[in-house]
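*Asks:* The structure follows.
The values are calculated or read from the model by the stated rules, or taken from the named source; none is laboratory data. Source: prediction; values computed, not measured. Here the Cβ positions follow ideal geometry from the backbone for every residue, glycine too, while neighbour counts run over all protein chains shown.
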Amino acid sequence: MITCIGIACSPRRGGNTSLLLEQALTGAAQGGARTELITLSDYNFRPCQGCNACSKDGECILKDDMQQIYQRLLAADRLILAAPIFSMHLNAQAKALIDRSQRFWSTKFALKRRVIQDAASRPYRAGMFLSVCGTAFPDMFDCATKVVRYYFNMLEMRYAGGHFYWQIDEKGAIRNHPTAFQEVLEAGLRLVSE
Ligand SMILES: Cc1cc2nc3c(=O)[nH]c(=O)nc-3n(C[C@H](O)[C@H](O)[C@H](O)COP(=O)(O)O)c2cc1C
């Protein structure tokens, strides 16, 4: 059985990206995956300090809650990252998660080692991105998508695409979208069926 983790990056509990993530995880469970939800605001971790210690051994010297998330990222076969757009980019919590994953970047690109030690036994890992924004500007997801693609690459995951919704601002407004819930439900199922 494959493991699909979802990371809810918004600080707004029950907000739009979290609702989308729940649907996508439901789809993944329907597809036979074991699913896990990580609500980032439940975890207490510091931003990356840029100390570069991870370039020596691939480990992060900050011993906070991020250590638990590292283990779950390494164990996951699929990842669904759900984060809203704040100030035209990923919200700060999502960016902090990615910065604190620098230990994986160091492992892969500085130390030139595999991030996933048992990659031979589970060669297919993939990630999907879910996001919403309040405005209708067409390029609103461009910066975030670029960074998330880079993040999945760092995690040795194929980018399995994203689902983006504009003009979704109030808490729960995504519920009124005509197709979003069905789309992400199906996307979650597809993600774990590939
Ligand atoms: C601090 C902050 C900055 C935001 N910046 C943008 C922005 O640059 N562009 C945009 O379209 N929406 C922006 N929004 C709107 C959010 O993307 C929108 O409210 C979204 O539905 C929040 O998702 P959530 O419910 O999952 O937290 C911003 C919201 C906040 C709180």
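*Asks:* Could you check how many residues of region 110-141 are loosely packed, with under 13 Cβ neighbours inside 10 Å, modelled with pLDDT of 95 or more and either in a helix (DSSP H, G or I) or among the small types (G, A, S) (or both)?
*Replies:* So the answer is 1.
*Asks:* Any residue in region 12-26 that's at positive phi: show its pairings with residues that are among the charged types (D, E, K, R) at Cβ separation under 9 Å, as long as the two are six or more apart or on different chains.
*Replies:* The qualifying pairs are G14/K171.
*Asks:* For region 164-189, which residues satisfy the criterion of being closer than 20 Å to D142 by Cα and of a type in the set (D, E)?
*Replies:* Within region 164-189, just D169 meets the criteria.
*Asks:* Condition (residue is touching a residue at least 24 places away in the same chain (Cβ under 8 Å), more than 15 Å from the ligand (Cβ to nearest atom) and either on the phi < 0 side of the Ramachandran plot or in contact with a strand residue (DSSP E or B) (Cβ under 7 Å, 6 or more places away or on another chain) (or both)) applied to region 165-181: is it met by at least one residue?
*Replies:* So far as region 165-181 goes, no, none of its residues is touching a residue at least 24 places away in the same chain (Cβ under 8 Å), more than 15 Å from the ligand (Cβ to nearest atom) and either on the phi < 0 side of the Ramachandran plot or in contact with a strand residue (DSSP E or B) (Cβ under 7 Å, 6 or more places away or on another chain) (or both).
*Asks:* Which pairs have Cβ atoms under 6 Å, sit 6 or more apart or on different chains, and link a residue in region 34-49 that is closer than 14 Å to G15 by Cα to one that is in a loop (DSSP other than H, G, I, E, B) and modelled with pLDDT of 95 or more?
*Replies:* L40/C9; S41/P11
*Asks:* Out of F141, F137, F129, report the one residue that is free of Cβ contacts under 8 Å to residues at least 60 places away in the same chain, touching a Cys at 6+ places or on another chain (Cβ under 8 Å) and more than 21 Å from P47 (Cα to Cα).
*Replies:* Going through F141, F137, F129 in turn, just one is free of Cβ contacts under 8 Å to residues at least 60 places away in the same chain, touching a Cys at 6+ places or on another chain (Cβ under 8 Å) and more than 21 Å from P47 (Cα to Cα): F141.
*Asks:* Just for helices (runs of 4 or more DSSP H) wholly inside region 65-108: which have at least 2 residues that are within 16 Å of the ligand (Cβ to nearest atom), touching a Cys at 6+ places or on another chain (Cβ under 8 Å) and modelled with pLDDT of 95 or more? Explain how you work it out, then say what you get.
*Replies:* Details: elements: 66-75, 92-100, 102-105.
Qualifying helices (runs of 4 or more DSSP H): 92-100.
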